[in-house]
Amino acid sequence: MLSRFIMRREQLVLLFVGCAIIAGSGVMYFINASESVVPFPEEPKRPAPETESLIADDPLEPLPVIVSVQGSVQFPGVYRFDKTGRVAHALESAGGEDPGADTTQINLAAQLVDGTTLYVPRHKESNIAASLAKNHGSYLLGGAVSTSSIIDSNATSPLININTATQAQLETLPGIGEAYARAIIAHRTKQPFRKVEDIVNVRGIAEKRFEGMRDQISVQ
């Protein structure tokens, strides 16, 4: 009886010791595991975006140069160019000159002028001087054409054709300075004058100013 009690006691002691060892091993495992955990790295802070400048380098864009290309060209019309445009560029935009065109007196290297007409005559045109006079003066190799070249064949005195005259020629009219000459050219580019009285439709040109030049202008 006593021997059984002693054996039973030894078994309980061994069981207790075994449980203690297992419990201690578990505690040590969790301690080591917690020490070996690598902390999650923090996301680096992003620098604040730089503020873009709202001021343009060149806020003033160049205005287009508008030129009417007429005469002996493939596609007559009104064309837009930048400020570096030349007469050669205008001819190219209009499809080039016709086979019978006469460009011998046209300055292909001349710079285009806003609100003007480039007119290319034919070789056998009846009044080639009057045709050339439709051009802005700088478009001709010989320089500006005198106002006497623009003549109404039915008149007894030289008349300035307000549909084709250059700015310089328009400025020779009484009461017409640089500003009014440019206004006349801008108006006829959009809508040619059908009669001389239509010039009063140009802003700033009233009846009194028109009467002062009535006998010096034509539309043909």
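The values are calculated or read from the model by the stated rules, or taken from the named source; none is laboratory data. Just so we're clear, the structure is a prediction, and the values are computed from it rather than from any experiment. Here Cβ is always computed from backbone atoms with ideal geometry, including for glycine, and neighbour counts include all displayed protein chains.
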- When residues of the range 107-140 are limited to those that are in a loop (DSSP other than H, G, I, E, B) and of a type in the set (D, E, K, R), the one nearest to the chain's Cα centre (by Cα): D114
- Message: Any residue that is at pLDDT below 90, assigned by TED's automatic domain parsing to the domain that holds E178 and among the hydrophobic types (A, V, I, L, M, F, W, C) - is there at least one of those in the range 90-97?
- Response: no
- Query: Is it true that Y79 is under 30 Å from T172 (Cβ atoms) and at pLDDT 90 or above?
  - Reply: yes
- Item | Criterion (on the phi > 0 side of the Ramachandran plot and not β-branched (V, I, T)) met by exactly one of G204, G177 | G204
- Message: Any residue at all in the range 159-172 that's exposed (fewer than 14 other Cβ atoms within 10 Å of the Cβ) and either at pLDDT below 85 or more than 19 Å from G71 (Cα to Cα) (or both)?
- Response: no
- Limited to the range 87-114, what total is found for residues that are among the hydroxyl-bearing types (S, T, Y) and under 24 Å from A168 (Cα atoms)? 2
- Task: Go through the range 177-219 and give me each residue that's β-branched (V, I, T) and part of a loop (DSSP other than H, G, I, E, B).
- Result: V202, I205, V219
- Could you look through the range 71-88, keep only residues that are buried (at least 18 other Cβ atoms within 10 Å of the Cβ) and not β-branched (V, I, T), and pick out the one that is nearest to A130 (Cα to Cα)? G71
